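What follows is a single structure, written as structure tokens, with notes after it.
The values are calculated or read from the model by the stated rules, or taken from the named source; none is laboratory data. The model shown is predicted, which means the values in this text are computed figures rather than measured ones. Note: ideal-geometry Cβ built from the backbone for every residue, glycine included; neighbour counts use all protein chains shown. Calculation scope for accessible area: heavy atoms of the full protein, side chains included, ligands and nucleic acids excluded. Shrake-Rupley method; radii C 1.70, N 1.55, O 1.52, S 1.80 Å.
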Amino acid sequence: MSSGDVRNPLLRVQFQIPFDQIRAEHVEPAVAELLSDAQAQLDRLTSDASPRTFHNTMEPLDVLTERLDYAVGIVRHLEAVATTPELRAAYNAVQPQVSAFHSSLPLNEALWKAVQSYAATSEAKNLSGARRRFLNKTIDNFRRHGAELDAAGKARIAEIDVELSKLTIRFSENVLDSTNEFELVIREESKLAGLPESAVAMARESARSKGLEAPAWRFTLQAPSYIALMTYLDDSEIRRQVYEAYVNRALEGDRDNRPVIQRILELRRAKANLLGYRDFADLVLEDRMAHKGERAQAFLADLKAKTDAHFQKENYELEAFAGRGELHPWDVPYYSEKQRTALYDFDEEALRPYFPLDSVVDGMFEIVQRLYGIRVIEKPGAPAWNPQVKYYEIHDDSRGHDTMIGAFYADWFPRENKRGGAWMDAFITGVDFGNRFEPHAGLICGNLTPPGADRPSLLTHREVQTIFHEFGHLLHHCLSQVEVRSLAGANVAWDFVELPSQIMENWCWEREALDLFARHYQTGAPVPQDLFEKMQRARNFRAANAQMRQLGFGFVDLALHRDYSAQAHPDVLAYARDILQAFTPAKLPLHYGMIASFTHLFASPIGYGAGYYSYKWAEVLDADAFTLFQDSGIFSRDVGARFRENILARGDSQDPAELYRTFMGRDPDPNALLERSGLLTTK
Ligand SMILES: [Zn+2]
């Protein structure tokens, strides 16, 4: 409206996002205008007096919040990777309004009526494919959000959603602030004993960047620092201190996440009950592959039973190896690493020189070119939020000529103003009508080992898998060919969404694939055969512990969302600890606050709440699906084409169980996962 708005870069969907122009002060005016614009579109849709058609009802609904989602997505992203107090304040100011608008849609009487009137037409009854699914999912989704409730019920749902949105933002801020607050500065070199050179160098750089006078080594609770310290540092007293800081994040003063968790659980349950569900798990799982909380619990219990004997055996063997009776939790990673070295003579750090980031990324692009016929091309000079960020385009020849089908940003290194972990997100979801399509845009982020003063970024094998994983999500987004925007991209059931990402990790274990990218950063030599064989043998070292850890998180998640009540268990930490104990190799400390920083469950209104089991569920799918590649050669263009066509291109346009069946020719078989992990025999 006003002349100032014209220059607001958040108002117009631009494929090349002007990150160099976006400022915190743009956020509130842009969101206000986009909200009123979405409201105007909604009013036009509902007041249309002509007979209901897909064109005048479902199509406008599909694009209703497109511009708003684009702007809010960018702001949410910047808040995650380059936050400032101003940006955080602006995001916090608009987030509740945006969330309120989204949750008002299924509660809008006129819209519900319009959708129902359309559903009653003969056009709607004859729909097929993605359009049919879009209509069905819309109706189910509206019901699950309270479309059939009375006015008071609807108002209550809206209130709950707004409160949940605020609480979950607070939860993640508490975790971030509490993580950043901790630092451990070591000034005596002798105390660094045990640490590999890479971790020492990282700690030295970190101290230098903070202006600490040498000698000084600075450690933090961010993953590369924390994991190196817990795995290698000889000094068990320092390990204990850092472990306790880690598991006690977000428990102090006004950063205490305990009341936040209890309130989130209470609100989620209240909402589920109001909508006629037993609990939050049954509500959110209804349109996922598992469908019911009970089925997800049974799935986990089955895997637990098949893993338990291996788990006990591994724990007994580790204790015997360490020779010091019962181990403390801060001793387990340390002695495991020693045991691994003794058993396999395999030092994970020995692989690092073979995984320079740039060559890993190039090799990954080569693999997907072979499998899917796509080319990834770096485009220097695109505006971004930090000079470390790279921008790429994905090109495809499958339409008969060179076509740019998507683009993405990659941001791999930790920074103070960036949140932890690794993730993929979407900026633009393009639709595809066959003869006409729009390209997709997204991003992949991580917190990988940064380059040192005298060396490039050299990754652990785990970090290599992280890159492949996030790139798998990105391909799911960028290779999507769906005509309904809401069903396009990686926006699929949460227990299906990790299939495209996790399957990518398999290539990180295959000799042929490693030879494409694992090259010594100084000599260019491939991974020596004996090192490769050790890596393979060590792969399933303590596989039962790794599996139990994930199962434990899944169990505690479902227990909190199905069985927990604050009346019966006022101490939510103790409740969670008692469950997790059965999945943990050492006795957990009394103040074990892992769930207070369990961002998967509590950092967004739904997130992985009641859905953590999905990781294991998807592992069953990815291990099983990869057997098809193994059988035909891991670069099989034929199997690649089938995977692209039946999984990556389909988004949520068809039931995921059907998509899987079409690709595999049968239902998933859990034995492939147990076999891959060396846990198939129960002897
Ligand atoms: Zn993932």
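Relative to a virtual label point 7 Å from the Cα of residue 669 in the Cα→beta-carbon direction, which members of the range 628-652 show backbone nitrogen distances below 19 Å? It comes to 628-634, 639, 643, nothing else.
Potential lengthening of the chain between residue 529 and residue 291 amounts to 81.1 nm, from the contour at 0.36 nm per residue minus the alpha-carbon distance. With the cut-off at under 17 Å, measuring from each backbone N in the range 19-39 to a point 7 Å along the Cα-to-Cβ line of residue 404 picks out 19-20. Heavy-atom surface analysis with a 1.4 Å probe gives the range 121-257 a carbon and sulfur content of 48 percent of its accessible area. Approximating the spin labels as points 7 Å out from Cα along Cα→Cβ, the residue 163-to-residue 263 distance works out to 0.8 nm. For residue 304, a cut-off of 16 angstrom between C-alpha atoms picks up these lysines, skipping any fewer than 8 places away in its own chain: 313, 616, 683.
Pop the C-beta distance of residue 539 and residue 12 into the FRET formula with R0 = 45 Å and round what comes out to the nearest 0.05.
Step by step, r from the Cβ atoms, then E = 0.40.
Skip the ligands, DNA and RNA, and give the accessible area per residue of the chain with a 1.4 Å probe, whole Å².
Numbers: 28160 Å² over 683 residues.
That works out to 41 Å² for each residue.
Rg/Rh, computed from the Cα trace of the range 212-345 with Rh as the Kirkwood radius, has the value 1.11.
The range 337-380: percent of C-alpha pairs farther apart than 14 Å?
Value for the range 337-380: 64 percent of Cα pairs lie more than 14 Å apart.
Here are some pairs, 271/587; 292/390; 191/390; 166/418; 137/306; 113/271; which of them have Cα atoms lying more than 31 Å apart in this structure? Those over the limit are 271/587; 292/390; 191/390; 137/306.
Listed by chain and number, the aspartates and glutamates whose C-alpha is less than 16 Å from the C-alpha of residue 338, apart from same-chain residues fewer than 8 away, are 234, 235, 314, 317, 319, 347, 348, 349.
In this structure, residue 197 and residue 433 have a Cβ-Cβ separation that, at R0 = 51 Å, corresponds to a calculated FRET efficiency of about 0.40. For a Förster distance of 51 Å, can you work out the FRET efficiency between the beta-carbons of residue 415 and residue 148, rounded to the nearest 0.05? Calculated value: 0.65.
Applying a length cut-off of 20 Å (Cα extent along the axis) and a mean Kyte-Doolittle floor of 0.5 to the DSSP H helices of the chain leaves 357-372.
At 0.36 nm per residue, minus the direct Cα-Cα distance, what do residue 20 and residue 362 gain on full extension? Give it in nm, one decimal, please.
Working: separation 342, 0.36 × 342 = 123.12 nm, distance 2.69 nm.
Separation in residues times 0.36 nm, less the Cα-Cα distance, equals 120.4 nm.
In the range 371-457, the inverse of the mean reciprocal separation of distinct Cα atoms equals 14.7 Å; this is its Kirkwood hydrodynamic radius. Distance distribution note for the chain: the fraction of Cα pairs above 42 angstrom is 25%. Built from the Cα atoms of the range 264-416, the convex hull projects on average onto 17.1 nm², one quarter of its surface area. In this rough spin-label picture, where each label sits 7 Å from Cα along the Cβ direction, the residue 343-residue 375 distance is 4.6 nm. Annotation for the range 213-241 versus the range 30-80: alpha-carbon center distance of 49 Å. With a 1.4 Å probe and all protein chains left in place, how much of the accessible area of the range 503-654 comes from carbon and sulfur atoms, in whole percent? The computed percentage sits at 50. When the solvent-accessible area of the range 289-376 is split by element, carbon and sulfur atoms take up 50 percent of it, the probe being 1.4 Å. Each residue, residue 586 and residue 40, gets one label point 7 Å from its Cα in the Cβ direction; the gap between the two is 6.2 nm. Summarising the overall dimensions of the range 573-683 from its C-alpha atoms, the Rg and Dmax are 18.6, 54 angstrom. Across every pair of different alpha-carbon atoms, what Kirkwood hydrodynamic radius in Å does the range 494-581 reach? About 16.8 Å for the range 494-581. Reducing the range 263-282 and the range 386-414 to their Cα centroids gives an inter-centroid distance of 41 Å.
A full extension of the chain between residue 563 and residue 305 corresponds to an added length of 90.8 nm, given 0.36 nm per residue minus the alpha carbon distance.
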